[in-house]
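J.: Once you've had a glance at the structure underneath, I'll fire off some questions.
The values are calculated or read from the model by the stated rules, or taken from the named source; none is laboratory data. Predicted, not measured: the structure shown is a model, and the values here were computed from it. Ideal geometry is used to build each Cβ from the backbone, glycine not excepted, and the neighbour counts take in all protein chains shown. Surface accessibility is based on the protein's heavy atoms, side chains included, excluding ligands, DNA and RNA. Shrake-Rupley method; radii C 1.70, N 1.55, O 1.52, S 1.80 Å.
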Amino acid sequence: NAGVTQTPKFQVLKTGQSMTLQCAQDMNHNSMYWYRQDPGMGLRLIYYSASEGTTDKGEVPNGYNVSRLNKREFSLRLESAAPSQTSVYFCASSEGDRVYGYTFGSGTRLTVV
Amino acid sequence: KQEVTQIPAALSVPEGENLVLNCSFTDSAIYNLQWFRQDPGKGLTSLLLIQSSQREQTSGRLNASLDKSSGRSTLYIAASQPGDSATYLCASGTYKYIFGTGTRLKVLA
């Protein structure tokens, strides 16, 4: 049982380039989330999808877009990468109700030069 | 807006000590509170999940308590080991979690 799978694990981009971070879960969870983690800042929510077909902004959505492709997959796109987007990105999923908590992927370490 | 605070930010203890990590939150209207462990350069591993109707959860040497009325949770680690060295994060909320900035624990052999 793979849980939450993120690809790629590492990526280096030049300023202005675009890329998509992929996330897939095999737990039949309804809700999925994208967080970024920066030193001293903790994890901050970028976007989330409470259920298939819906997406909402989190705390730090500027510069990002998301797509909930189906129930399993939730992608995060950087249209024009900036050095300020250098971070570790985590995808998570949850059952969607109040009981089961979050399961996290292993993260994508992104550097924008 | 929910705010989650963890104290202390860093902690260094000798092996074998019992220790307590603290987590406080401002909005008591939470569904769950979840404790995670993060090793350097790794993802988050769930340790304990406390539902809003519960007061505590236990797993092995770990015990987490929840007091919604005071907006506090504690993670108790018994008989600490060098392998417990990691960053411990708490998170709470309703349908989306807000995270604390973590407590970086170092257990000295």
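J.: What do you get for Rg/Rh over chain B if you use C-alpha atoms and the Kirkwood form of Rh?
T.: Values: Rg = 13.2 Å, Rh = 13.8 Å.
A ratio of 0.95.
J.: Also, I was wondering about something else. Loop-only trypsin sites (Lys or Arg not before Pro) in the range A:5-57, please: DSSP not H, G, I, E or B, and at most 11 other Cβ atoms within 10 Å. The partial results should precede the final answer.
T.: Values: sites: A:K9, A:K14, A:R36, A:R44, A:K57; in loops: A:K9, A:K14.
Those that pass, being in a loop and sparsely packed, are A:K9, A:K14.
J.: While we're looking at this one, here's another question. Leaving out same-chain residues fewer than 8 places away, which lysines sit with a Cα under 23 Å from that of B:K42?
T.: A:K9, B:K96, B:K106
J.: Just A:A92, A:A24, A:A82 to compare: in a GNM of chain A, with alpha carbon springs under 10 Å, which one fluctuates most?
T.: It is A:A82.
J.: Where the accessible area of the range B:43-103 is counted over protein heavy atoms with a 1.4 Å probe, how much of it, in %, is carbon and sulfur? Walk me through the numbers before you get to the answer.
T.: Values: 1150 of 2570 Å².
Percent of accessible area from carbon and sulfur atoms in the range B:43-103: 45.
J.: Report, as an integer, the average count of C-beta atoms from other chains found within 10 Å of each Cβ along B:97-103. Don't skip to the answer; put the middle values down first.
T.: On the way: counts 9, 6, 8, 2, 5, 4, 0.
Averaged over the peptide's residues, the number is 5.
J.: If you consider only alpha-carbon coordinates, what radius of gyration and Dmax does chain A have, in Å?
T.: Every Cα atom of chain A included, Rg and Dmax give 13.2, 41 Å.
J.: Could I have the simple spin-label model distance between B:R61 and A:M27, label points 7 Å from Cα toward Cβ, reported in nm to one decimal?
T.: 2.5 nm
J.: If you don't mind, there's one more thing I want to ask. Among B:L21, B:L62, B:L49, determine the one that fluctuates most according to a GNM of chain B built with springs between C-alpha atoms less than 10 Å apart.
T.: B:L62
J.: Hey, another quick one. Report the gain in length on full extension from A:D38 to A:K14: 0.36 nm times residue separation, minus Cα-Cα distance, nm rounded to one decimal.
T.: 6.7 nm
J.: How large is log10 of I(q)/I(0) for the protein assembly as shown at q = 0.09, 0.15 Å⁻¹ when the intensity is taken from the Debye formula with one equal scatterer per alpha-carbon?
T.: So the normalised log intensities are -0.36, -0.98.
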